Amino acid sequence: MKSYRIPRLQEELKKLFNIALNQKLRDQMLDWVVITDVVLSKDLRYAKIYFSHYNNPASHDEIREHLIKSSGFFKKLIAGEHIMRTIPEVSFHYDETEERAEKVDALLASLKDKYNDEDDDFDPDIDLEDFLDDDDVYDIDEDDELYNEFISDEEEEGEEDSEDKD
């Protein structure tokens with residue numbers, strides 16, 4: 001049976017830490033720092049906190065040091081919210097997802113430039129109506145004779161099946 005407790009606690013801690021960073025901590029070194037993920041161990045004794053920063057000139061290591069210095073504040077915040085019985089040991093890690101995404105985008109752009117087809121006939125926004133012929137559309141109301149023939153054929157097949165059963 002899958003436990004929903006740990007993912008709920010992780011989301012709650014993530015919200016709690018982000019609110020604390022934005023509203024309660026007055027450290028200018030932690031401006032524009034966002035907690036991107038919280039991973040709790042199964043026994044809830046350890047918490048890995050992943051962070052990212054935007055428009056902050058400080059390096060990842062400097063921000064991590066300031067977060068480590070404020071880890072006591074985070075633990076006190078968890079204790080004050082009464083969401084966990086035991087207060088986990090926290091460790092801070094830089095979230096490299098954004099940098100990896102930029103590398104993948106650059107790689108895809110280089111591949112696109114390298115293998116770019118210079119086919120001017122290709123249009124990714126092809127309109128299907130240009131390829132469909134209006135005469136190919138079958139409308140029952142306009143073609144009553146074909147419809148009546150189809151119905152009569154179906155009725156005859158149904159009568160033959162009932163005669164075979166008798």
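The values are calculated or read from the model by the stated rules, or taken from the named source; none is laboratory data. This one's a predicted model, so the numbers in the text were calculated from it and none came from an experiment. Reconstructed Cβ throughout: ideal geometry from the backbone, glycine too, with neighbour counts over all protein chains shown.
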Exercise. Is there any pair with a first residue in the stretch 50-78 that is over 13 Å from Asp27 (Cβ atoms) and a second that is assigned to a helix (DSSP H, G or I) and among the small types (Gly, Ala, Ser) whose Cβ atoms are under 6 Å apart and which are 6 or more apart or on different chains, and what are they?
Worked result: Leu77/Ala20
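Residues are listed down the side, and each one gets a yes or a no for (1) among the small types (Gly, Ala, Ser); (2) surrounded by 14 or more Cβ atoms within 10 Å (Cβ to Cβ); (3) in a strand (DSSP E or B):
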{"position": "Leu9", "(1), (2), (3)": "no, yes, no"}
{"position": "Glu12", "(1), (2), (3)": "no, yes, no"}
{"position": "Ala20", "(1), (2), (3)": "yes, yes, no"}
{"position": "Arg26", "(1), (2), (3)": "no, no, no"}
{"position": "Val34", "(1), (2), (3)": "no, yes, yes"}
{"position": "Val38", "(1), (2), (3)": "no, yes, yes"}
{"position": "Lys42", "(1), (2), (3)": "no, no, no"}
{"position": "Tyr50", "(1), (2), (3)": "no, yes, yes"}
For this session: Find all pairs meeting these conditions: Cβ atoms under 7 angstrom apart; at least six residues apart or on different chains; first residue within the stretch 10-30 and closer than 15 Å to Phe73 by Cβ; second residue among the polar types (S, T, N, Q) and part of a helix (DSSP H, G or I).
Result: none
Exercise. In this structure, is Ala109 out of contact with any helix residue (DSSP H, G or I) (no Cβ under 6 Å at 6 or more places or on another chain) and either over 28 Å from Asp61 (Cα atoms) or modelled with pLDDT under 70 (or both)?
Worked result: yes
For this session: State whether one or more residues within the stretch 132-144 are farther than 30 Å from Val34 by Cβ and modelled with pLDDT of 65 or more.
Result: yes
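I'd like the residue in the stretch 52-64 that is part of a loop (DSSP other than H, G, I, E, B) and more than 26 Å from the chain's Cα centre (by Cα) and, out of all such residues, is modelled with the lowest pLDDT.
Start the filter on the stretch 52-64 by keeping residues that are part of a loop (DSSP other than H, G, I, E, B), which leaves 54-59.
Still in the list and also more than 26 Å from the chain's Cα centre (by Cα): 57-59.
Numbers: Pro57: 85, Ala58: 88, Ser59: 90.
Across the stretch 52-64, the extreme among qualifying residues is Pro57.
Yes or no: the stretch 21-40 includes at least one residue that is over 25 Å from the mean Cα position of the chain (by Cα) and of a type in the set (Lys, Arg). Quick ask: steps written out before the conclusion?
Taking the stretch 21-40 as the starting set, the residues that turn out to be over 25 Å from the mean Cα position of the chain (by Cα) are 23-31.
Filter once more, so that each one left must be of a type in the set (Lys, Arg): 24, 26.
Yes, the conditions are met somewhere in the stretch 21-40.
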Seminar exercise, completed: Being closer than 30 Å to His53 by Cβ, at pLDDT 60 or above and among the aromatic types (Phe, Trp, Tyr) narrows Tyr94, Tyr115 down to just Tyr94
For this session: Identify all residues within the stretch 84-103 that are surrounded by 13 or more Cβ atoms within 10 Å (Cβ to Cβ) and of a type outside the set (Asp, Glu); write none if there are none.
Result: Met84, Ile87, Pro88, Val90, Ser91, Phe92, His93, Tyr94
